[in-house]
Amino acid sequence: MNDKKKEPIWLALFTVLPVSLLWPLGEYFEEQGINQTLVSALLGGLGGLIGFGLYSWTKSKSTKTKIIGIVSILVLGIAIIRIVHTSSVEVLKTCEICGYKAIDKQENECNVCASNTWETEQADKLYDSKLEWLKDEQLFWFAEDDTSFVEFYEPNQIDGFFKDENWRPIINKIDVFEYNKE
Ligand SMILES: [Zn+2]
């Protein structure tokens, strides 16, 4: 294939790629009450324009330069997606019982182990001390039929909720073993 015939392929790559990378970002703006389709169209359009600009600029350049251009679009696009994604994901508070960053702000409840937070638990006055509450709830949550299966730090994530690396249980495997005997 001669270079003339390849032109439409390059044009398609340079324009379709940024559009398809940026278009889906519109959905991240939905919750802020901004029209999703409008944002998608704007971002996609901008991506297409930049792509077309790059295409025009690399038109007379070597295939190597064109490939570098395409790769740059890919890398930049993925970087933008990652930035938008991380900034839109809310950082949840760590559950003191199971150690996952999964405390629902509205419900004051853990999305993983369904424990309440100590703040709400205090209102019920079921426990005299926080330590007592922590121990009770953790024993309940980490209890296994076979104590050798007890894992405080695994799995690293459940349903998209990550374990807080700084979290430590106040109970140990022996406590769980004793608890299971009862
Ligand atoms: Zn929890």
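The values are calculated or read from the model by the stated rules, or taken from the named source; none is laboratory data. Predicted model only: the values in this text are computed from it and were never measured. No Cβ is skipped: glycine too gets one built from the backbone with ideal geometry, and neighbour counts run over all protein chains shown.
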Give the number of residues within the stretch 117-134 that are within 13 Å of the ligand (Cβ to nearest atom) and assigned to a loop (DSSP other than H, G, I, E, B). 1
Subset of the stretch 17-69 that is among the small types (G, A, S), out of contact with any Phe, Trp or Tyr (no Cβ under 8 Å at 6 or more places or on another chain) and closer than 18 Å to R82 by Cβ - its residue that is surrounded by the most Cβ atoms within 10 Å (Cβ to Cβ): G26
May I ask you to list the residues in the stretch 80-119 that are of a type in the set (F, W, Y) and without any contact (Cβ under 8 Å) to a residue 24 or more places away in the chain? W118
Picked from the stretch 156-182 (must be of a type in the set (A, V, I, L, M) and not in a loop (DSSP other than H, G, I, E, B)), the residue nearest to F142 (Cα to Cα) is V176
Looking only at the stretch 70-109, count every residue that is among the charged types (D, E, K, R) and surrounded by 12 or more Cβ atoms within 10 Å (Cβ to Cβ) and tell me the total. 6
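Residues are listed down the side, and each one gets a yes or a no for (1) assigned by TED's automatic domain parsing to the domain that holds N166; (2) within 30 Å of E154 (Cβ to Cβ); (3) modelled with pLDDT of 90 or more:
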| position | (1), (2), (3) |
| --- | --- |
| T63 | no, no, yes |
| I68 | no, no, yes |
| V71 | no, no, yes |
| L76 | no, no, yes |
| A79 | no, no, yes |
| Y100 | yes, yes, yes |
| Q106 | yes, yes, no |
| T117 | yes, yes, yes |
| D124 | yes, no, no |
For the stretch 86-116, how many residues meet the condition of being of a type in the set (S, T, Y) and assigned to a loop (DSSP other than H, G, I, E, B)? 1
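Let's see how each residue does on (1) away from the ligand (no atom under 14 Å from the Cβ); (2) closer than 27 Å to E182 by Cβ:
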position: V91; (1), (2): yes, no
position: I97; (1), (2): no, yes
position: S115; (1), (2): no, yes
position: Q157; (1), (2): no, no
Within the stretch 139-182, residues aromatic (F, W, Y), under 30 Å from the mean Cα position of the chain (by Cα) and either within 15 Å of I97 (Cα to Cα) or surrounded by 15 or more Cβ atoms within 10 Å (Cβ to Cβ) (or both) come out as F140, W141, F142, F152, Y153, F161, F162, W167
In the set V39, V91, the lone residue that is under 30 Å from A114 (Cβ atoms) and not charged (D, E, K, R) is V91
Per-region count, the stretch 135-149, residues part of a loop (DSSP other than H, G, I, E, B) and either over 24 Å from F162 (Cα atoms) or away from the ligand (no atom under 16 Å from the Cβ) (or both): 3
